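These notes concern the structure reproduced below.
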Amino acid sequence: MLFRSNQHTSQERTEVLPGFLLARIEVPSQFLNQTVFSLNVRSKFGVEILIIRKKQNGQFKEVIPHARTKMARSDEILIFGESAKVDAVCKLT
């Protein structure tokens, strides 16, 4: 499972349909302190941010992002999209 563990690993990818991936990655440095709205990842990268995993009190909490959600260094994100586009975002970390 992509988000079941509290252990930290840098990336995990799963093909959910032929040609489409879900990936759990650390927030790329260029995303830090920016909102989901300002990042506009769907237009810029062709992927969706489905969940942000925020660290609070030493534990991770999964949240569905909204436009004003800001990315922090300790966050992880679950992204979905075409395999090549997900791979391109994964390389940013």
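Below is a table of values for the structure above.
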{"quantity": "Restricting the range 30-39 to residues that are open to solvent by 70 Å² or more (accessible area, probe 1.4 Å) and without any contact (Cβ under 8 Å) to a residue 40 or more places away in the chain, the residue that is nearest to Thr93 (Cα to Cα)", "calculated": "Asn33"}
{"quantity": "Any hit, the range 12-20, residues being under 12 Å from Val86 (Cβ atoms), free of Cβ contacts under 8 Å to residues at least 24 places away in the same chain and open to solvent by less than 70 Å² (accessible area, probe 1.4 Å)", "calculated": "yes"}
{"quantity": "Test for Val86: is it in a helix (DSSP H, G or I) and of a type in the set (Val, Ile, Thr)", "calculated": "yes"}
{"quantity": "Residue list for the range 63-83, restricted to those being open to solvent by less than 80 Å² (accessible area, probe 1.4 Å) and part of a strand (DSSP E or B)", "calculated": "Val63, Glu76, Ile77, Leu78, Ile79, Phe80, Gly81"}
{"quantity": "Output for the range 19-62, where each listed residue is of a type in the set (Gly, Ala, Ser) and not in a helix (DSSP H, G or I)", "calculated": "Gly19, Ala23, Gly46, Gly58"}
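The values are calculated or read from the model by the stated rules, or taken from the named source; none is laboratory data. On a predicted model such as this, the values are computed, not experimentally measured, just so you know. Don't worry about glycine lacking a Cβ; one is built from the backbone with ideal geometry, like all the others, and counts go over all protein chains shown. Ligands, DNA and RNA are stripped out before the accessible areas are found, and what is left, the full protein with its side chains, is counted by its heavy atoms. Shrake-Rupley method; radii C 1.70, N 1.55, O 1.52, S 1.80 Å.
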